[in-house]
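First comes the structure, then the notes that go with it.
The values are calculated or read from the model by the stated rules, or taken from the named source; none is laboratory data. All values derive from a computational prediction rather than experimental measurement. As a convention, Cβ positions derive from the backbone with ideal geometry for all residues, glycine included, and neighbour counts pool all protein chains shown. Surface accessibility is based on the protein's heavy atoms, side chains included, excluding ligands, DNA and RNA. Shrake-Rupley method; radii C 1.70, N 1.55, O 1.52, S 1.80 Å.
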Amino acid sequence: MVVPAAVKLGSSSIATQRHFLVVDADTVLIRPHRFYADGKHLFYCRSWSQPEYFVTYRKLLGKKARVPVSS
């Protein structure tokens, strides 16, 4: 089940399956991914971030982000 980004935060209250995938509107899966294998959930991470994310974070919240990369 893929839940539209507009209801991402409340998706657990409307999903009927035990496991479901929530993807941001700006995410494009360009190759096959596995999100569950060998009885474990898999999370993809990256070691880089867009500087604009942190500029916007500071403008919205008035403080520097606590982590050096976005996920």
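In table form, for the structure just shown:
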quantity: Angle in degrees between helix 51-61 and the longest Cα principal axis of the chain, rounded to the nearest 10; calculated: 80 degrees
quantity: Residue-averaged 222 nm ellipticity for the chain, from DSSP H runs of 4+ at -39500 (n - 2.57), nearest 500; calculated: -5500 deg cm²/dmol
quantity: Cα Rg, Dmax (largest Cα-Cα span) when computed across segment 11-71, Å; calculated: 15.4, 42
quantity: Average Cα contact separation per residue, segment 4-71, under 8 Å, 6 or more apart, as relative contact order %; calculated: 22 percent
quantity: Within the accessible area of segment 12-53 (1.4 Å probe), percent carbon and sulfur; calculated: 55 percent
quantity: Surface accessible to a 1.4 Å probe, Phe35 within the full protein complex, Å²; calculated: 80 Å²
quantity: Most mobile listed residue (Tyr57, Tyr44, Tyr36) in the chain, GNM with C-alpha springs under 10 Å; calculated: Tyr57
quantity: Longest segment of the chain lacking trypsin sites (Lys or Arg not before Pro) that sit in a DSSP loop with at most 14 other Cβ atoms within 10 Å; calculated: 47-62
